[in-house]
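Taking it in order: structure first as C-alpha cells, then the write-up.
The values are calculated or read from the model by the stated rules, or taken from the named source; none is laboratory data. The shown structure was predicted, so the numbers you read here are calculated from the model rather than taken from an experiment. For neighbour counting, all protein chains shown are included, and Cβ atoms are generated from backbone atoms with ideal geometry for every residue, glycine included. When the accessible area is computed, the model is the full protein with side chains, heavy atoms only, and any ligands, DNA or RNA have been set aside. Shrake-Rupley method; radii C 1.70, N 1.55, O 1.52, S 1.80 Å.
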Amino acid sequence: AQLRTMLAHADLILFSLDQDGVFLSSDGSILNSYSSAPSEVVGHSVFERYKRFPAVLKTIRKALAGQETHSQLVVEDSTFDCHLSPVLDDVGKVSGVVGVAVDMTERLSMEQALRESEERYRLLVEDQSDLIVKFDLDLRVQYVNPSYCATFGVDHEQFLAAPHRHSSVQRLQTLGVA
C-alpha cells in the first residue's frame, strides 16, 4: 500500500520485463501523462512498443545481456533518467530486467531557462556603460564589468587575481562608502 501511494505521487515509472523483453509490470503516476494504463503495456513487447526509439532499445538490449545500465533517454517530447538492472535466476542466467524511469523533462526545461536567464543577465551587466563592481564583506572584489576595467585601465583577469585592493576601493573607503 505504501509503495502504491508513493508511485501515485512520483514522476516515474517502475517496470519489469521478461527475458524476451515482454512487460511483466509497469506502474507509476507518469503513465497517466501519456494516457497509458499498465494494462496497455503488460504482456506487450518493449521492442514493438519502442521500435521508433533506437536508444531505448539499445539500453534494453544491454540490460537483457546482463549489463546494468543508466542513461538519459528521449521518448517523444520527454526525457527520462533510466536505471535498468538485469534479474538473474538461480544459475546466474538473465531472466529479465527491472527498471525505473524518472521523467526529467520539466527539470531539464527549467535548467535550460535558468541558463538562458543567466546569459541574458551576464550580457546586460557586461554591456553596461555604468561601472559595476561586486565586493564581498571583506571588500574583496568578486566581479567587475568591462566598463569598470576600461575606466581604470586595468586588465579584467589581472585585476580579479590581484591580492591587493585596487585604488578605487581605497577611494571608496576614504569617501565613507565602503
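Points worth noting:
- Selection within segment 132-156: residues that are under 20 Å from TYR121 (Cβ atoms) and part of a helix (DSSP H, G or I). The member of this set that is modelled with the lowest pLDDT is HIS156.
- Close pairs from segment 59-88: first under 16 Å from LEU17 (Cβ atoms) and of a type in the set (Gly, Ala, Ser), partner assigned to a loop (DSSP other than H, G, I, E, B) and at pLDDT 95 or above, Cβ under 6 Å, at least 6 apart: SER85/GLU68
- Residue check: PHE159 meets all listed conditions (1) open to solvent by less than 40 Å² (accessible area, probe 1.4 Å); (2) out of contact with any His (no Cβ under 8 Å at 6 or more places or on another chain); (3) of a type outside the set (A, V, I, L, M); (4) modelled with pLDDT under 80 but one, namely (2).
- Matching residues in segment 58-74 - criterion: being surrounded by 16 or more Cβ atoms within 10 Å (Cβ to Cβ) and of a type in the set (A, V, I, L, M, F, W, C): ILE60, ALA63, LEU64, LEU73
- Of the residues GLU48, GLU76, the single one that is modelled with pLDDT of 90 or more, over 13 Å from VAL97 (Cβ atoms) and not hydroxyl-bearing (Ser, Thr, Tyr) is GLU48.
- Any pair with Cβ under 8 angstrom, 6 or more apart, that starts in segment 116-138 at a residue that is at negative phi and ends at one that is of a type outside the set (D, E, K, R) and exposed (fewer than 11 other Cβ atoms within 10 Å of the Cβ): LYS134/GLN142; PHE135/GLN142; ASP136/GLN142
- Close Cβ contacts (under 8 Å, 6 or more residues apart or on different chains) running from residues in segment 148-167 that are over 14 Å from LYS134 (Cα atoms) to residues that are part of a loop (DSSP other than H, G, I, E, B) and modelled with pLDDT of 75 or more comprise THR151/LEU131.
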